[in-house]
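Engineer: Have a look at the structure that comes next, please.
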Amino acid sequence: MCRNALSLSMLNQLHTALSADDGDLRVIILSHTGPVFSAGHDLKELTAKTGREYHEKVFSTCSSVMNLIQDLPVPVIAQVQGLATAAGCQLVATCDIAVASEQSRFATPGVHVGLFCTTPGVAVGRAVPRKVALEMMFTGQPIGAQDALLHGLVSKVVPEDKVEEETLKVAAKICEFSKEVTALGKASFYAQMALEKKAAYRFAEKVMVDNLSLEDSQEGIGAFFEKRKPKWKS
Amino acid sequence: MCRNALSLSMLNQLHTALSADDGDLRVIILSHTGPVFSAGHDLKELTAKTGREYHEKVFSTCSSVMNLIQDLPVPVIAQVQGLATAAGCQLVATCDIAVASEQSRFATPGVHVGLFCTTPGVAVGRAVPRKVALEMMFTGQPIGAQDALLHGLVSKVVPEDKVEEETLKVAAKICEFSKEVTALGKASFYAQMALEKKAAYRFAEKVMVDNLSLEDSQEGIGAFFEKRKPKWKS
Amino acid sequence: MCRNALSLSMLNQLHTALSADDGDLRVIILSHTGPVFSAGHDLKELTAKTGREYHEKVFSTCSSVMNLIQDLPVPVIAQVQGLATAAGCQLVATCDIAVASEQSRFATPGVHVGLFCTTPGVAVGRAVPRKVALEMMFTGQPIGAQDALLHGLVSKVVPEDKVEEETLKVAAKICEFSKEVTALGKASFYAQMALEKKAAYRFAEKVMVDNLSLEDSQEGIGAFFEKRKPKWKS
């Protein structure tokens, strides 16, 4: 596969792979080989020849992959060591966490081919300040890793030779904690962020009380007082 | 009180203290002695022994303190010179302004005890980029003062020995202006931010016209033209 | 005109100038001569003498200029080489892109004259973190260019003698692409940002499919495969 293009077939594979959980899954890392994290949609699939119905299928499948990532019970980390463009940049913006190398770059260059990055803009516009998103989309020019960090597109930037190590460190940290609690926390975070602040608090209060009734929570608090490591059920 | 835990009793005291205004109140500073701004809820109050009803009371009281801070007519400044964790971090995120020392740190470490920082996430998720909030909540790891500034969790970072001076400078600046105008401005800011942009403008236009009809506003504009210091009524 | 005050007459002129499109318009640059980008409303128009109805007219005209900027089919760039205050700062926050010199400064100082910057806060509060917006509005103190960049108020900061060059570079980049595609993209970006994420995706998917049916889009994709420069219709 060339430059990790998000062809319809690739999007379907991603959807299947992301949905697979044998029960032991704790965290997902999206990494890449080669210089490109993902170059976005496969333009060969977006010509007049493939037709409107096919185009609809491509974009609805893409959105369903993006929505799935945030709906999954486990954290999803993007490990970026190169170029992420268009729907590839959307994928980075969508992940829960993103660790990037200092050389990585991010672009929404659809204007170059007359296809404005409108769907990538849904994720990128919710990750970085509006002006940054618009400049990226209007000019098609890439931004570097430090600007991506400055503006919130990625959560961490490290030297190229530390990206894997740092990503695995974040993943290992996540695996130290209760799977059930992390799943409850992730779902509740996205749910409350969609609400107005006072409604968000009412919702979140209920989640906290429910969280406390979980076995893992009482185990965690008990272990804290007994100064021992907790033994999670999940 | 150990590490400024937000016990139910402490939350009730905070609520009472924040609500007290003898008429001369102009600005509130939340500062701390010792190395911890606040370590969040008191875990002893969150065990199975205290029970669900008590837990509900703790979280609803906590939310009511957080909502109160933004509903108050005077600006509330957090002065942070150490560690702010869990609901303590939520408290910093909630204040109108936060001045922090270079050594201060911020964490939402609930996963360590199996209690995801969902209610802190309401405030933190509205203050920093989503990816930063999620990495903090999934890993429980603290971020430093510079990252807190970079991501919008605090508004100013200064050396340890300048925190009080800087906080008092901000507070003194606020006290130079009309209390009535500041109160109108604070309430209107939070109100319009909850609206869609065009509705926000319609609301804000009306506030501006009402503001102009205040005595302090005509005094301020008059003083500007007469090149003298205004004498505020409030 | 003194310090580019946004008098009612100036706002009406701006509205007319921004609306004028002879068909060849591709991008708008708001620049200034002198040390002030804009000092905001003309205080002489906001005294008791001019009266409530006049004040209403000033603020509704100002909002209509701000809304127009984002509703226009072409990108609007602020080129800032000095001080932008109050409604002048609102204007910078409203533009799609802002290029600023290292010496430029930004303030919402209405409290000095007893008129809280509530309408500027609609734009500034949607551009920078809440704490930064509130500190600016409560204290009336200016922030520098680097802080404006850090917090998302401007999209680029360059040395004073490069501001015009950099702004023209961004504008020239925009002009390389299809006018029709850029117009569709700008309108769709603002529309989807006002929706909840999943609704935003459904809307944006449809836009992408429609975008693909444009002549310029198929020309762009065709040119990409034929490794030639596209010839845009618009």
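Engineer: Can you give me the number of residues within region C:69-91 that are outside any loop (DSSP other than H, G, I, E, B) and either touching a His at 6+ places or on another chain (Cβ under 6 Å) or on the phi > 0 side of the Ramachandran plot (or both)?
Structural biologist: Step one: list which residues in region C:69-91 are outside any loop (DSSP other than H, G, I, E, B), which gives C:69-71, C:76-80, C:83-85, C:87-91.
The next check asks that each one be either touching a His at 6+ places or on another chain (Cβ under 6 Å) or on the phi > 0 side of the Ramachandran plot (or both); those that pass are C:87.
Of the residues in region C:69-91, 1 are outside any loop (DSSP other than H, G, I, E, B) and either touching a His at 6+ places or on another chain (Cβ under 6 Å) or on the phi > 0 side of the Ramachandran plot (or both).
Engineer: Here are B:PHE138, B:PHE189: which of them is more than 19 Å from the chain's Cα centre (by Cα), in a helix (DSSP H, G or I) and not aliphatic (A, V, I, L, M)?
Structural biologist: None of the others qualify; the one that does is B:PHE138.
Engineer: Quick check: is even one residue across region C:171-192 touching an Asp or Glu at 6+ places or on another chain (Cβ under 9 Å), exposed (fewer than 15 other Cβ atoms within 10 Å of the Cβ) and at pLDDT 95 or above?
Structural biologist: No, every residue in region C:171-192 fails to be touching an Asp or Glu at 6+ places or on another chain (Cβ under 9 Å), exposed (fewer than 15 other Cβ atoms within 10 Å of the Cβ) and at pLDDT 95 or above.
Engineer: Considering each of B:LYS206, B:LYS198 in turn, give the residue that is out of contact with any helix residue (DSSP H, G or I) (no Cβ under 7 Å at 6 or more places or on another chain), in a helix (DSSP H, G or I) and on the phi < 0 side of the Ramachandran plot.
Structural biologist: Numbers: B:LYS198 fails: out of contact with any helix residue (DSSP H, G or I) (no Cβ under 7 Å at 6 or more places or on another chain).
Criteria check complete, one pass: B:LYS206.
Engineer: What residue, among those in region A:113-125 that are in contact (Cβ under 8 Å) with a residue 12 or more places away in the chain and within 7 Å of chain C (Cβ to nearest Cβ), is farthest from B:PRO129 (Cα to Cα)?
Structural biologist: Among them, the one singled out is A:VAL113.
Engineer: For residues that are in a loop (DSSP other than H, G, I, E, B) and either among the polar types (S, T, N, Q) or closer than 15 Å to C:CYS89 by Cβ (or both), scanning just region C:1-34, find the one that is nearest to the chain's Cα centre (by Cα). Spell out how you get there, then give the answer.
Structural biologist: Going residue by residue through region C:1-34, those that are in a loop (DSSP other than H, G, I, E, B) are C:1, C:5-7, C:20-27, C:31-34.
Those still in the list that are either among the polar types (S, T, N, Q) or closer than 15 Å to C:CYS89 by Cβ (or both) too: C:5-7, C:31-33.
Values: C:ALA5: 17, C:LEU6: 15, C:SER7: 18, C:SER31: 12, C:HIS32: 14, C:THR33: 18 Å.
The selected residue is C:SER31.
Engineer: Looking only at region C:66-90, which residues are under 22 Å from B:GLY185 (Cβ atoms), under 14 Å from the mean Cα position of the chain (by Cα) and of a type outside the set (S, T, N, Q)?
Structural biologist: C:MET66, C:ALA84, C:ALA87, C:GLY88, C:CYS89
Engineer: Let me ask something else. Restricting attention to region A:217-234, report how many residues are at the interface with another protein chain (Cβ under 8 Å from one of its Cβ atoms) and either over 32 Å from the mean Cα position of the chain (by Cα) or not charged (D, E, K, R) (or both).
Structural biologist: To start, the set of residues in region A:217-234 that are at the interface with another protein chain (Cβ under 8 Å from one of its Cβ atoms) comprises A:217-225, A:230, A:232.
With either over 32 Å from the mean Cα position of the chain (by Cα) or not charged (D, E, K, R) (or both) added as a condition, the list becomes A:217-218, A:220-225, A:230, A:232.
Total satisfying the criteria: 10.
Engineer: Say whether the condition of being touching a Pro at 6+ places or on another chain (Cβ under 9 Å) and either modelled with pLDDT of 95 or more or within 11 Å of chain A (Cβ to nearest Cβ) (or both) is met by at least one residue in region C:205-214. Break it down stepwise before answering.
Structural biologist: Applying the first criterion (touching a Pro at 6+ places or on another chain (Cβ under 9 Å)) to region C:205-214 yields none.
No: region C:205-214 contains no residue that is touching a Pro at 6+ places or on another chain (Cβ under 9 Å) and either modelled with pLDDT of 95 or more or within 11 Å of chain A (Cβ to nearest Cβ) (or both).
Engineer: Related question: Could you please give the count of residues in region C:154-183 that are within 8 Å of chain A (Cβ to nearest Cβ), among the aliphatic types (A, V, I, L, M) and either within 30 Å of A:ASP71 (Cα to Cα) or under 16 Å from the mean Cα position of the chain (by Cα) (or both)?
Structural biologist: Summing the residues that are within 8 Å of chain A (Cβ to nearest Cβ), among the aliphatic types (A, V, I, L, M) and either within 30 Å of A:ASP71 (Cα to Cα) or under 16 Å from the mean Cα position of the chain (by Cα) (or both) in region C:154-183 gives 3.
Engineer: Failed condition for B:GLU165, given (1) in contact with a helix residue (DSSP H, G or I) (Cβ under 9 Å, 6 or more places away or on another chain); (2) more than 23 Å from C:LYS57 (Cβ to Cβ), with all others met?
Structural biologist: Every condition holds for B:GLU165 apart from (1).
Engineer: Only one of C:ASP96, C:ASP22 is touching a helix residue (DSSP H, G or I) at 6+ places or on another chain (Cβ under 9 Å) and of a type in the set (D, E, K, R); which?
Structural biologist: None of the other options fit; the residue is C:ASP96.
Engineer: Looking only at region C:92-110, count every residue that is in a strand (DSSP E or B), without any contact (Cβ under 8 Å) to a residue 40 or more places away in the chain and surrounded by fewer than 23 Cβ atoms within 10 Å (Cβ to Cβ) and tell me the total.
Structural biologist: So in region C:92-110, the residues in a strand (DSSP E or B) come out as C:97-101, C:105-107.
Narrowing further to those that are without any contact (Cβ under 8 Å) to a residue 40 or more places away in the chain: C:107.
Remaining after also requiring surrounded by fewer than 23 Cβ atoms within 10 Å (Cβ to Cβ): none.
Residues that pass the stated criteria total 0.
Engineer: Of a type in the set (Ser, Thr, Tyr), crowded, with 20+ Cβ neighbours inside 10 Å and more than 23 Å from C:GLU226 (Cβ to Cβ): which single residue out of A:SER38, A:SER60 fits that description?
Structural biologist: A:SER38
Engineer: Can you tell me which residues in region C:180-223 are closer than 20 Å to A:ALA93 by Cβ and hydrophobic (A, V, I, L, M, F, W, C)?
Structural biologist: Answer for region C:180-223, where residues must be closer than 20 Å to A:ALA93 by Cβ and hydrophobic (A, V, I, L, M, F, W, C): C:PHE189, C:ALA191, C:MET193, C:ALA194, C:LEU195, C:ALA199, C:ALA200, C:PHE203, C:ALA204, C:VAL207, C:MET208.
Engineer: Restricting attention to region C:98-141, which residues are β-branched (Val, Ile, Thr) and closer than 20 Å to A:HIS151 by Cα? Break it down into steps so the answer makes sense when it comes.
Structural biologist: Residues of region C:98-141 β-branched (Val, Ile, Thr): C:99, C:108, C:111, C:113, C:118-119, C:122, C:124, C:128, C:132, C:139.
Correct list: C:VAL99, C:VAL124, C:VAL128, C:VAL132.
The values are calculated or read from the model by the stated rules, or taken from the named source; none is laboratory data. Note that the structure is predicted; figures quoted are calculated from it, not measured. Every residue, glycine as well, gets a Cβ built from its backbone with ideal geometry; the counts of neighbours run over all protein chains shown.
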